[in-house]
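Just below is one structure, and these are the notes that go with it.
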Amino acid sequence: MEKILIVDDTEEIRKQLKWGLAKDYEVLTAGDGKEALAAFRKHRPKVVTLDLGLPPDPAGTEEGFRCLEEMLHSDPAAKVIVLTGNEERASALRAVQTGACDFYQKPIDINELKVVIKRSFHIRSIEDDNRRMQIALEQKSTQFGGMMGQCPQMEQVFSTIRKVASTDVPVFVTGESGTGKELVARAIHALSLRHDRPFIPINCGAIPENLLESELFGYEKGAFTGAHARKQGKVEYAHHGTLFLDEIGELSGGLQVKLLRFLQEKVIQRVGGREDIPVDARVVSATNTDITKAIAGGSFREDLYYRTSVIAIHLPPLRERGSDIMLLANLFLRRFCDGSSRKVRGFSSESVKRLESHDWPGNVRELENRVQRAVIMTDSPLLEPTDLGFAEASPPGGVTFDEKLTLRDARDRVERELIASAIQEQNGNIAKAAEALGVSRPTLYDLMKKHGLNA
Ligand SMILES: Nc1ncnc2c1ncn2[C@@H]1O[C@H](COP(=O)(O)OP(=O)(O)OP(=O)(O)O)[C@@H](O)[C@H]1O
Ligand SMILES: [Mg+2]
């Protein structure tokens, strides 16, 4: 049986709840904060009901909030349902902001509360499943150098990496900026028989052309002014290892010819040298430009392309990877939280929406940067869109939260305002307004009816 902890300073309520819940749960009870935290740490209940008014401050909420914070600090996965008195709406909101999963207004109707409890266990079990899946995938990803993904396109990429790694065939990796091309090259190397030999990356776009040749192939003493001693090039360093030619599309015509010769004959000549030096290096190339266009336009040699692209791997842009977006977001969240004292529990539902619908021009790198920024910037346990650097959605006009408003009224008013402004923004086009609001068209019609709105 699942454990639930009931925290309430009124013995009568503890008894009532224990009696009402004992059939379905193993019920633990506590009458004050100290007892509650001790029981919480000892039994690790998945769900807690917490009365905010605890001694020594039964009329206030401070002890209750302290308890809530400490529980979430010691187990961020805990589902805490906060019980509030009738006049404590502000506390209910604050509790949810602090990380409570739900709130319930006294007086207690046990059947109603049971539904809330059941739902909390349900959410908890879904979250536990997700966490387990995430961890399993993260473990699997370590064989690919921390590269993660489970969408069909990425499964295809992993399967190709696995197949080609043990061979020496040249691999050509394409994909937009930040999609993980270098990670693929490193994964191929890590899974190959060459893994304990050097992996040598060289960015063909970053080095001026006149320096690139000696950078790649090295030079002999006296090859040019300043060449005081013989120097090995990157290609030679990659002997028995893997040479990663990043931004290969940037290579000049002359160097393309020299590289082609190396690929065909497996020998190089240093600048200013005559001697053929045999080099056994596995070549992985990458580009984020359209290489077929470059070939058609004559700036990239077709024969070099065929030599370097015996196997081609294309990385899909992040926006096409579906649920991988949240998978990666959670991966980065955990990585950045592990490295800091920040306790962030996850992404708010609004953030999830924004992450899933963002266009991701900078792909995985952009996601990584946004999550890192958010972990630093946030003030709340759940990352909000603004933490992630997304502009705030236009606020619903005219809603003010005056004290006498009940939560239901407030929700209704926000809902009505949002719907009205969406319809107005879409010039009465219901299909578009529904899409903008993230609901189906029939749902929107129902909501319009409920709020007495017309298109
Ligand atoms: N599938 C993935 N799982 C985890 N991290 C990833 C994944 N793909 C990319 N990354 C991370 O995203 C960042 C960018 O990846 P990488 O440098 O390999 O991209 P790239 O395609 O080479 O980009 P560019 O074209 O700008 O050079 C890196 O920090 C990398 O670790
Ligand atoms: Mg790169």
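The values are calculated or read from the model by the stated rules, or taken from the named source; none is laboratory data. As the structure is a computational prediction, the values presented were derived from the model and not from experiment. Note that each Cβ is placed from the backbone with ideal geometry, even for glycine, and that neighbours are counted across all protein chains shown. In case anyone asks, the SASA skips ligands and DNA or RNA and just uses the protein heavy atoms, side chains included. Shrake-Rupley method; radii C 1.70, N 1.55, O 1.52, S 1.80 Å.
Could you sort HIS195, HIS228, HIS240, HIS358 by accessible area so the largest value comes first, with the probe set to 1.4 Å?
Sorted descending by solvent-accessible area, the residues read HIS228, HIS195, HIS240, HIS358.
I need the Kirkwood Rh of the range 179-242: take the reciprocal of the average 1/r across all distinct C-alpha pairs and report it in angstrom.
Value: 13.2 Å, from the Cα pair sum.
Could you sort 167-179, 334-346, 433-445 so that the peptide with the highest average Cβ count within 10 Å comes first and the rest follow in order?
Ranked from most to least packed, the peptides come out as 167-179, 433-445, 334-346.
Give me the distance between the Cα centres of the range 1-29 and the range 168-205, rounded to whole Å.
Each part's Cα centre sits 57 Å from the other's.
Read phi for every residue in the range 186-198 and hand back ³J(HN,Hα) as whole Hz from Karplus 6.51 cos²θ - 1.76 cosθ + 1.60, θ = phi - 60°, with x for Gly and Pro.
Residue by residue, the range 186-198 yields 5, 5, 4, 5, 5, 8, 8, 5, 8, 4, 9, 9, x Hz.
By average Cβ neighbour count within 10 Å, what is the ranking of 322-329, 283-290 from highest down?
Those peptides, ordered most packed to least, come out 283-290, 322-329.
Please list, ordered by chain and number, the residues whose modelled amide H lies under 5 Å from the amide H of LEU83; skip anything fewer than 5 residues away on the same chain.
Here LEU50, ASP51, LEU52, TYR104 satisfy the definition.
Helix-only mean residue ellipticity at 222 nm, the chain, DSSP H runs n ≥ 4 weighted -39,500 (n - 2.57), per residue, nearest 500. What is it?
Computed mean residue ellipticity for the chain: -15000 deg cm²/dmol.
Quick one: accessible area per residue over the chain, 1.4 Å probe, rounded to a whole number of Å²?
52 Å²
Can you pull the percent of the range 232-283's accessible area that's carbon plus sulfur, 1.4 Å probe, other chains left in place?
46 percent
Which of the lysines could a cross-linker span from LYS114 if the Cα-Cα distance has to be under 26 Å and same-chain partners fewer than 8 positions apart are dropped?
Qualifying lysines at Cα under 26 Å: LYS3, LYS15, LYS18, LYS23, LYS34, LYS42, LYS46, LYS79, LYS106.
Say each of ARG441 and MET133 gets a label point 7 Å from the Cα, pointing the same way as Cα to Cβ; how far apart are those two points in nm?
Each label point lies 7 Å from its Cα, and together they span 3.1 nm.
Considering the zone a paramagnetic label at GLU62 would reach in this model (a point 7 Å from Cα along the Cα-to-Cβ line), which residues of the range 18-32 have amide N under 18 Å from it?
Under 18 Å, as judged by backbone N against the label point of GLU62, lie 32 of the range 18-32.
Roughly speaking, what is the centre-to-centre gap between the range 146-164 and the range 254-294 when only Cα atoms are used, to the nearest Å?
Using only Cα atoms, the two centres lie 27 Å from each other.
Spin-label point model (7 Å from Cα, Cβ direction): what's the VAL352 to GLN97 distance in nm?
Label-label distance for VAL352 and GLN97, simple model: 2.2 nm.
Spelling out what I want: for every residue of the range 90-107, take phi, set θ = phi - 60°, compute 6.51 cos²θ - 1.76 cosθ + 1.60 (Karplus), and round to whole Hz; glycine and proline get x.
4, 5, 4, 4, 4, 5, 5, 5, 6, x, 5, 7, 6, 9, 9, 8, 5, x
If amide hydrogens are placed 1.01 Å from N in the peptide plane, which non-local residues have theirs closer than 5 Å to the one on PHE347?
LEU383
³J(HN,Hα) across the range 32-45 via Karplus (A = 6.51, B = -1.76, C = 1.60, θ = phi - 60°), whole Hz, x for Gly/Pro?
Those phi angles translate into 8, x, 5, 4, 4, 5, 4, 5, 4, 5, 6, 9, 6, x Hz.
Output the Cα-based Rg and Dmax of the range 280-344 in Å, rounding Rg to one decimal and Dmax to a whole number.
Cα-based Rg and Dmax for the range 280-344 come out at 18.8, 54 Å.
For THR29, enumerate residues with amide H under 5 Å from its amide H, sequence gap 5+ or separate chain, H modeled in the peptide plane.
Residues meeting the criterion, in which the H sits 1.01 Å from N, are ILE6.
Take each of the peptides 144-152, 7-15, average the number of other beta-carbon atoms within 10 Å over its residues, and list them starting from the highest.
Order by mean packing, descending: 144-152, 7-15.
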